[in-house]
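Below is one structure, written out as structure tokens; the observations come after it.
The values are calculated or read from the model by the stated rules, or taken from the named source; none is laboratory data. Owing to the predicted nature of the structure, the values given are computational and were not obtained by experimental measurement. Neighbour counts are summed over all protein chains in view; Cβ atoms, including those assigned to glycine, are modelled from backbone coordinates with ideal geometry.
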Amino acid sequence: MKLLHTADWHIGRTLNGYSLLDEQKQAFEQLLQIAKDEQVDGIVIAGDIYDRAIPSTNAVTTLDKMLQEINLDDKLPIYAISGNHDGAKRLNFGRQWMKQTDFHLNTLLQEAFTPIETEDLQIFMLPFFDPMDARVYYQQQGMDEDDVKNIHTISQAMELVLNDIYQLFDPNKKHLLISHFAVSPSADEEIELTSETTSKVGGLQTLTADQFSQFDYVMLGHIHTRFASPNEHVRYSGSPVKFNVKEARLKNQGKGVDIVDFSGDEITTEFKEITPKTDLIVLEEDWATLTDPNFYQTQPTHSDWFAITVKDFDRSKHINVRAKLQEIYGTVVELDYENLVQVANAPANAANLSELSPDNIVDQFFKSITGKDLSHDQKELVDNIFVDLGKED
Ligand SMILES: [Mn+2]
């Protein structure tokens with residue numbers, strides 16, 4: 001049996017307001033072609049299929065079409081679970097009849113205890129869950145109330161879940177787990193997340209690879225780079241698309257999918273690259289360089305996307321910086337400054353920001369960008385916005 005491992009599609013995601021849908025569609029077409037070329041027996045999507053619990057209608061129709069192409073047009077089985085970004089209950093729709101075409105979709109903890117059996121493989125699909133989900137589940141299973149209360153961390157919850165799964169092991173088959181968590185190589189090695197809001201995970205909150213050692217192979221989602229994989233049998237496929245500038249900054253971060261072959265004695269993994277249609281280029285240069293034709297003519301202007309940091313910038317000498325850069329480069333998804341030369345009378349440093357009122361911050365910001373004060377009408381507009389925002393709390 002040969003499977004394609006992918007994860008973290010995050011369909012519907014935007015990058016600083018720019019839709020990534022076209023990029024995601026393009027990556028998907030490459031992914032499907034790889035699946036066909038490699039003649040895989042199925043596609044694993046290890047969570048975070050959508051970017052949010054309530055996806056946009058555009059995201060829903062896009063994903064619908066993708067899944068149809070895989071499962072109905074190309075008759076390939078799908079093994080999918082929900083991640084922390086997906087709405088587990090919402091995504092649970094239709095799974096009973098989708099099974100008829102080998103579209104397996106698990107979104108709830110209790111569904112992990114029914115493996116999918118193939119001739120030589122047991123596939124356990126464990127969606128993202130939190131300690132509270134585990135408490136509810138074990139309470140329903142009739143666990144002693146005190147024991148239920150003792151489930152505090154994800155590590156404790158996972159220990160229970162995995163022990164129950166191990167009881168279901170068929171010794172004559174290989175055992176594959178599909179899941180969606182941050183798993184570090186060992187207890188004293190922290191992993192850096194490029195995917196979520198927390199930049200570091202560690203200690204008790206972290207799962208470690210040794211907890212999963214009884215599985216022959218673990219296909220993970222959650223961390224968006226395959227370089228975070230804890231070891232050669234506990235793997236992240238990474239996302240098929242670059243989602244942020246931080247990721248673009250890391251060199252040699254080619255995106256792609258894993259082809260995992262279970263047929264031999266040894267399980268083998270082969271990475272297959274997906275080439276971005278629109279790449280995200282990070283530039284860190286001074287203004288003279290950025291606006292020098294000899295420099296920018298070597299860049300993929302007006303085709304790729306740019307994240308630009310202007311170094312040693314004196315703002316008082318330039319206006320409409322973004323517009324100028326967009327004229328040269330095309331889409332500028334992020335614009336930043338390094339060693340900004342301060343405009344006189346613009347105390348825009350972090351130390352006194354905290355002492356300013358919200359409307360004052362807007363005032364200072366406006367001044368630092370344009371060199372002018374807000375007009376009376378503009379001030380009134382800002383005031384009204386903050387009054388409205390106050391009402392919403
Ligand atoms: Mn994710």
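Structure notes:
- Restricted to region 33-57, and to residues there that are over 24 Å from LYS75 (Cα atoms) and not acidic (Asp, Glu), the residue that is nearest to the chain's Cα centre (by Cα) is ARG52.
- Qualifying residue in region 78-97 (condition: within 27 Å of ASP261 (Cα to Cα), over 19 Å from the mean Cα position of the chain (by Cα) and in the same structural domain as ASP120 (by TED's automatic domain parsing)): yes
- Summed over region 121-143, the residues that are aromatic (Phe, Trp, Tyr) and over 19 Å from the mean Cα position of the chain (by Cα) give a count of 3.
- In region 77-104, residue farthest from ASP130 (Cα to Cα) [restricted to those that are surrounded by fewer than 21 Cβ atoms within 10 Å (Cβ to Cβ) and in contact (Cβ under 8 Å) with a residue 40 or more places away in the chain]: ASP102
- Residue identified as more than 16 Å from the ligand (Cβ to nearest atom) and part of a strand (DSSP E or B) among ILE43, ILE54: ILE43
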